[in-house]
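To keep things clear, I will list the structure first and then write my remarks on it.
The values are calculated or read from the model by the stated rules, or taken from the named source; none is laboratory data. Nothing here was measured: the structure is a model prediction, and the numbers come from that model. Cβ placement follows ideal geometry from the backbone for every residue including glycine, while neighbour counts extend to all protein chains displayed. Ligands, DNA and RNA are stripped out before the accessible areas are found, and what is left, the full protein with its side chains, is counted by its heavy atoms. Shrake-Rupley method; radii C 1.70, N 1.55, O 1.52, S 1.80 Å.
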Amino acid sequence: MAASSTQGAAEMAARKTSIPLRRLVPALIIGPGSWLGPYIVMNSLFLPPLIQELDPVNKVNTVALFATAGMIVAAISNMIAGALSDRTRSRFGMRTPWIIGGAAAFAAAMACASFAPNVPVLLAAWMAGQAALNFIVAPMVAWIDMAPEGSQGTASSAYGGLGMALGNNGFNVVGALFLSQYRMGFLVFGVISLVGSLIACALVREPSNLDEAVPQKDPAKKEHFSLTTVKSVFPAWSQGRDYYLALIGKMFQGIGNFAIAGYILYILTDFLGLGANAEGSVQLINTIMFVLGIAMGFLAGPASDKFNVLKFPVAFSTISLAVAAACMLLFRNTLGLTLYAFFAGVGMGLWNSLDNLLNLRVIPDQQRVAFFLGVYNLGNTLT
């Protein structure tokens, strides 16, 4: 059985689609930037004022409702999108049809949101957009697996270190121009997401996979829901140990990171007592973290490929985040904030650059790459 498994893995590796880095790297920067940037801008800058316009009395509870419902829809749709993508056979490959379809549906949903006359319509459009967005995310991150042998670290850095840094920080400047026209902003950034996804797909140019067989179930076997069927989807601990450990690690990393990032303004004003100076401190932290994040995006992946190291820099990234939090606790002044920004910038830069590559290395079933990446994304969604 072991020999057969090894032979099957070798055959899979031989058949795996490989995209040259000169096309893949730009796509992995433009692609995630194009979905993450518009989402962050709309979620943080456009959605709250639109909710306030439609229901000013209940705006706080309504924002919480949108966040909770969005989390649930995103978690479910991400796994479904990954599973469907893994089984897709088309002349455009297994990922591209879903990315383009998801981007078109997301743009359409955001157009509906821009004209929403009330909260229920806005909620329906936003939930449809959340689902559509994840049909971009799950297949697109699986592009990393198409990097040439020995270059997956570079591809992972392009996606997480550079593309997501572009999405997290690069779009807010443009988004701020639409603060007074937030309804139009939904339209504009929905189109930006669609155009960016089309450009990314055009760069990758996934080849046809119509000649690849789709894994089939035995029609003679009628499966009923049971623990056995769950195990067929999620492998036992003995088979998926490393994958589950990586998922648990992502959960803890996410909790530690978001516990600070999500409350940074309150930490600066209530814990450190900065008052009116909090805005300048936020800018200082974000600037340092952005610069270091970009630097790690350029350096971490290629270094991982060259020296064939992965686990240690990922582990170091979480330790760096812990040191960052300790610095803010111990030095309750500008020095503490600067040290926090430095260590958190290095930690998050390393994590974003190599996190997806680590997961690719420990996926228990290489025929379901996008599905397991979707499950792994729960580390972001839930935390």
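If you roll a 1.4 angstrom probe over the protein chains with everything in place, what fraction of the accessible area of segment 249-339 belongs to carbon and sulfur, to the nearest %? Can you show the working numbers first?
Values: 3860 of 5380 Å².
Ligands and nucleic acids excluded, carbon and sulfur reach 72 percent.
Select from Asp365, Asp211, Asp355 the residue whose mean-square fluctuation is largest in a Gaussian network model of the chain (Cα-Cα springs shorter than 10 Å). Its mean-square fluctuation being the largest, the pick is Asp211. Of the complete DSSP H runs in the chain, those spanning 15 angstrom or more by Cα along the long axis with a mean Kyte-Doolittle score not below -1.0 are 2-15, 21-41, 59-86, 96-114, 119-141, 182-204, 237-261, 278-307, 311-330, 334-362. When a 1.4 Å probe is rolled over the protein heavy atoms, the share of accessible surface on segment 34-101 that falls to carbon and sulfur comes to 69 percent. Rank Ile192, Ile248, Ile30 by mean-square fluctuation in a GNM of the chain with C-alpha springs under 10 angstrom and give only the top-ranked residue. Taking springs between Cα atoms under 10 Å, the residue moving most is Ile248. Legend: residues Arg241, Arg22, Arg183, sorted from most to least accessible area (1.4 Å probe; ligands, DNA and RNA excluded), read Arg22, Arg241, Arg183. Rolling a 1.4 Å probe across the protein heavy atoms gives segment 289-354 an accessible surface of 50 Å² per residue.
Could you work out the helix-only [θ] at 222 nm for the chain, with each DSSP H run of four or more residues adding -39,500 (n - 2.57) and the total divided by the number of residues, to the nearest 500 deg cm²/dmol? Present the calculation step by step, with values, prior to reporting the outcome.
Working: 16 runs with 268 residues, N = 383.
Helix-only estimate at 222 nm: -23500 deg cm²/dmol.
With the chain treated as a Gaussian network of Cα nodes joined by springs under 10 Å, which of Gln367, Gln239, Gln152 yields the largest mean-square fluctuation? Judging by the Gaussian network model, the answer is Gln239.
Could you work out the relative contact order of the chain? I mean the mean sequence separation of Cα pairs under 8 Å and 6+ apart, divided by the number of residues, in percent. Don't skip to the end; give the middle numbers.
Details: 555 pairs, mean separation 107.3, N = 383.
The value is 28 percent.
Surface calculation, 1.4 Å probe, protein heavy atoms: Glu279 sits at approximately 130 Å² accessible. Principal axis extents of the Cα atoms in the chain, from largest to smallest and rounded to whole angstrom, are 66, 49, 44. Judged by the mean number of other Cβ atoms found within 10 Å, the most tightly packed of the peptides 174-180, 97-103 leads the ranking 97-103, 174-180.
Each other residue within a Cβ distance under 14 Å of Pro32 adds +1 if Lys or Arg and -1 if Asp or Glu, for a net charge of 0.
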